[in-house]
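Notes follow once the structure below has been shown.
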Amino acid sequence: MTGAPLARGLTSHGGLWLIVYLFFVLAPLFALLLGSTPPARSFWTEFSIAIGYSGLAMMGLQFGLTARFRYVTEPWGEDVIYHFHRQISLIAVALVVAHPIILFIERPELLGLLNSFKAPWRARFAALSTYSLIALVVMALWRTKLRLRYETWHVTHLVLAVVAIAAGVVHMVGWSFYLGDPWKRGLWTGLTVFWIGLLVYVRVVKPLFILRRPYIVSEVRKERGDTWTLVMKPDGHAGLRFRPGQFGWLTVYRSPFKITAHPFSFSSSAAAADGRVEMAIRELGDFTSNISKVPVGQRAYIDGPYGAFTTGHPADMHVLIAGGVGITPMMSIIRTLADQGDKRPVVLLYGSKHWDAITFREELEAMEARLDLTVVHVLENPPDDWTGERGFVTADVLRRHLPPPYADHEYFICGPDVMMDAIESALERLSVPITRYHSERYSFV
Amino acid sequence: MRRLLADRLVITTGTIVVAMSALFALARLFD
């Protein structure tokens, strides 16, 4: 649940990762030109084969994008990686579906292969792969409309992805047109094993390590605004070291082998000496609505920390802009700055629905005495006697409460998508470059 | 804004992959 300045990602090793991504998609394709090659056919036939191979390689690399490799995700931010994962899948599926369509237009006699009862196995596997991909995309795009539970969808998503890729490779090897050389068959089969291996790494190998580092829930604290703070202490280990603003994937009730973990920002100070971590969780969905019922003493597992939504960059002041439960990473930043005795000015612009629903309201008031902190509440439904900011955090609110030049400050933005879009546009209008702000969308999964 | 840039990244990647696939086909024709 994090974001890093994309521009930094684009200019530093994020750009390198893009080249690596393209290499993994295109190198196995162009390797087919080496060694013995079958006789060439028409341009469109060869093009359709090429996009079939590229599309499958892109689908395989989807496992790598969600394998939670810090080196991959940090330059971009987790939300951008997941956004890329979703959008690039549409292109990959379009390529895979276009592959047979072009072939059918070029060579109508191949249409008979659509009859899976009579078609050879290599064509049946192609159909299985394509149908699985289409089902996968339909379920991902319309999960809410199809009223699928998140956990059910997640398991189905993984099964369909493995079936689609395995069936696709069986189809390629079975057709054997380009994979005549044993080393080419080995290359593509090996790649498939590697892609599925990435899934095994996330779902089996990593949980084995996490299993050895359990946490015990020591307190479930009620906060304002339907929010609960889960306090967790490391059980038999030193705990993890996170930077303020980072997040972890949380699993409670079950083992870390459970398919679905939930990403939450740490809300506690990163300077806590005893390894204790806190996550503030608002009741918003299936999982979060039951968080208040987690018993003290419950075992929990945290995969983390992740994310580049953190302080530590040169800036004259920190501007924290939070909407609703987007306050949680900001609390971690504020608490850590307080523990470290950081005297730099901090402005928190905090959008909430009601005065009574402002999570951490009292603690923030207390923090104003410990830090050079100014808290500006922006209320959507303020009480009649409210004299403060009303509505939403806008460019005008920023202008009223921040000293120019605006580009010298470091901005942290976390909240609902609508708010994020509005703030990012407002910062653009204030000529704040993208390298000066971090944004975190908590609806990225 | 960041997602807009991410979208551009997706379009760039897709375009490169399609262009390189066309190059593959051309390479086959002139093989």
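Considering each residue of segment A:368-376 in turn, none proves to be of a type in the set (Gly, Ala, Ser) and either touching a Lys or Arg at 6+ places or on another chain (Cβ under 9 Å) or farther than 20 Å from A:MET317 by Cα (or both). Once segment A:50-83 is narrowed to residues that are of a type in the set (S, T, N, Q) and buried (at least 24 other Cβ atoms within 10 Å of the Cβ), the residue that is farthest from the other protein chains (Cβ to nearest Cβ) is A:THR73. Going by the structure shown, is A:ASP396 outside any strand (DSSP E or B) and within 13 Å of chain B (Cβ to nearest Cβ)? So A:ASP396 does not fit the description; no.
Scanning segment A:204-230 for residues that are under 24 Å from the mean Cα position of the chain (by Cα) and surrounded by 13 or more Cβ atoms within 10 Å (Cβ to Cβ) yields A:LYS206, A:PRO207, A:ILE210, A:ARG213, A:PRO214, A:TYR215, A:THR227, A:TRP228, A:THR229, A:LEU230.
Just to be sure, is A:SER116 hydroxyl-bearing (Ser, Thr, Tyr), more than 29 Å from A:LEU34 (Cβ to Cβ) and part of a loop (DSSP other than H, G, I, E, B)? Against the criterion (hydroxyl-bearing (Ser, Thr, Tyr), more than 29 Å from A:LEU34 (Cβ to Cβ) and part of a loop (DSSP other than H, G, I, E, B)), A:SER116 qualifies. Say whether the condition of being part of a helix (DSSP H, G or I), under 24 Å from A:GLY35 (Cβ atoms) and at pLDDT below 90 is met by at least one residue in segment A:121-131. Checked against the condition, which is being part of a helix (DSSP H, G or I), under 24 Å from A:GLY35 (Cβ atoms) and at pLDDT below 90, segment A:121-131 yields at least one hit. Filtering segment B:9-31 to residues that are at the interface with another protein chain (Cβ under 7 Å from one of its Cβ atoms), of a type outside the set (A, V, I, L, M, F, W, C) and part of a helix (DSSP H, G or I) leaves B:THR13, B:GLY14, B:SER21, B:ARG28. Comparison of A:PHE360, A:PHE392, A:PHE412 shows that the only residue that is of a type in the set (Phe, Trp, Tyr), in contact (Cβ under 8 Å) with a residue 12 or more places away in the chain and in contact with a helix residue (DSSP H, G or I) (Cβ under 6 Å, 6 or more places away or on another chain) is A:PHE360. Which condition breaks for A:GLU428 when tested against (1) more than 13 Å from every other protein chain (Cβ to nearest Cβ); (2) modelled with pLDDT under 90? Looking at each condition in turn, A:GLU428 falls short on (1). Here A:GLY391 qualifies as surrounded by fewer than 15 Cβ atoms within 10 Å (Cβ to Cβ), within 31 Å of the chain's Cα centre (by Cα) and not hydrophobic (A, V, I, L, M, F, W, C).
The values are calculated or read from the model by the stated rules, or taken from the named source; none is laboratory data. These figures come from a predicted structure and were not determined experimentally. Please note: Cβ atoms are built from the backbone with ideal geometry, for glycine as well, and neighbour counts cover all protein chains shown.
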